[in-house]
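Since the structure comes first, as C-alpha cells, the remarks are kept for the end.
Rule-based calculations on the coordinates, nothing more; no lab input. Please read these numbers as outputs of a predicted model, since none were measured by experiment. Here the Cβ is made from the backbone with ideal geometry for all residues, glycine too, and neighbour counts use every protein chain on show.
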Amino acid sequence: MKAEPDELCFELHFGCDLAEADVLARLQEVLSRVAPRIAATLEVHAYERDPARRRVDLSEPDGLRAAVLAKGAERGATFQALAHGQENRLRKLRFGHVTLRGRGGGTKGVYLKVDFDRRVPAIPSGTNWLWSNNISGRILAPRVEGVDQQEWVCRLIDEVATATTMVWGAAYLSPEFARSNIDTSRGIRAIGRDMRRSLPGVYWLNVFGPPYIDLIGERRLLDAPADAVKRRGEHIVISTYGNAEDWEAHDKTRYMLATALGAEYFFDRDDRARQHQAPDFGLPELPERPPFRVQTEDGIHFTPLQ
C-alpha cells in the first residue's frame, strides 16, 4: 500500500498590508477557480477549532478580505483589559493571523493561512526581520478536490503570481524545510529567515518577485539550471526538480541552482559564515537583546536561556 505523502507547504510573501490591498480579493477569485468546493464553503478561523468561525460571503467581491480583517483583528477580554488606554497606539499596530478552511467532501486536509500587518514589509523579531504579510498553506491530503496535491499547489501559486505582486515565495515538503531551516539544538526554531540578509534557501518551488529579479538578474533566473522556469505575471517561478517527494535525492541539484543564481543570496546552514546579500528594504540593523531569564527558587538569581 502506498504511504500517504508528507505535508506539502507553501509560503507567499507580499510587500503590502493584506488588510488594505486587493490581494485577498484576487485570492478569492483564484480559489473560486482552483478550489470551487473550498471557496463555496470557506470559513475564517482565529485558530483551528474556533467555535466562532466566520463564513466568507462570496457574493461580495471583497468578502474574503472583510472576513479576514474582522476575524483577525478580534481581541479577547484579557487583551482589551491589558490594552486599556492604549487604543491610539494599538490602532497604528493593527495586525492579525487567521486560518482559512473549507467544509465538506474534497476539502479535508487543506489549511490556508493569512497574516496581515500595518508594518510593511517586515516585522522585527529579536535581531531578525521577518516577512509581515503572508499567504501560506499546509496540504495534508494527497489530493485536493480530485487534483494531485503538488499539481494543485503549483496551479494555485501560478494563478496568485499572475494576479498579484509578491516579494518572494516557495513550496516544499515539510522534511525538506526541516533539513534546510529547522534547528533543534536549543528547542525548536527556524533559522535563516532574516529577509534583511538573504533568502531562506532553495526549495522544490521558488517564486522570485520584482525585488529579487532586480537583485539576481532576469536573464540569470530565466537561464537557471532547473526542471522548469516560467514567467507568471511580474514573477519568475523556478521548479528545482519535478517531484517534491524526491527532495532527499536533490541536495546537489539545490546546490547547483543556488550557485548558478548566486550563493550569496541564499542561506545555507552548512556555510553560515558566508557573506550574504539581499535587496535594500530600508530595514535597520537590530541590536542584540538580553537573553530571556528564568527566576530561580531564591527569587534573586536568574538563569539565562541562550
task = State which residue pairs qualify: first residue buried (at least 17 other Cβ atoms within 10 Å of the Cβ) and inside region 23-52, second residue aromatic (Phe, Trp, Tyr) in any location, beta carbons under 9 Å apart, and separation of 6 or more residues or different chains.
result = 23/14; 24/116; 34/152; 35/152
request  = Evaluate region 137-154: report whether one residue or more is under 24 Å from residue 115 (Cβ atoms), of a type outside the set (Val, Ile, Thr) and more than 20 Å from the chain's Cα centre (by Cα).
outcome  = no
ask   = Considering region 241-253 alone, what residues qualify as being in contact with a Phe, Trp or Tyr (Cβ under 6 Å, 6 or more places away or on another chain) and over 20 Å from residue 142 (Cα atoms)?
value = 250, 253
task = Specify the residue that is surrounded by the most Cβ atoms within 10 Å (Cβ to Cβ); the eligible residues are those in region 110-149 that are among the small types (Gly, Ala, Ser) and not in a strand (DSSP E or B).
result = 132
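Conditions tested, residue by residue: (1) over 30 Å from residue 247 (Cβ atoms); (2) in contact with a Ser or Thr (Cβ under 9 Å, 6 or more places away or on another chain); (3) not polar (S, T, N, Q).
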site: 11; (1), (2), (3): no, yes, yes
site: 16; (1), (2), (3): yes, yes, yes
site: 20; (1), (2), (3): yes, no, yes
site: 26; (1), (2), (3): no, yes, yes
site: 30; (1), (2), (3): no, yes, yes
site: 35; (1), (2), (3): no, yes, yes
site: 40; (1), (2), (3): yes, yes, yes
site: 46; (1), (2), (3): yes, yes, yes
site: 49; (1), (2), (3): yes, no, yes
ask   = Looking only at region 150-174, which residues are in a helix (DSSP H, G or I) and of a type in the set (Ser, Thr, Tyr)?
value = 162, 174
Scope region 216-252; condition surrounded by fewer than 16 Cβ atoms within 10 Å (Cβ to Cβ), among the hydrophobic types (A, V, I, L, M, F, W, C) and either assigned to a helix (DSSP H, G or I) or touching a residue at least 60 places away in the same chain (Cβ under 8 Å) (or both); matching residues = 222, 249
task = Search region 35-70 for residues being part of a helix (DSSP H, G or I) and among the small types (Gly, Ala, Ser), and hand back the single one that is farthest from residue 150 (Cα to Cα).
result = 70
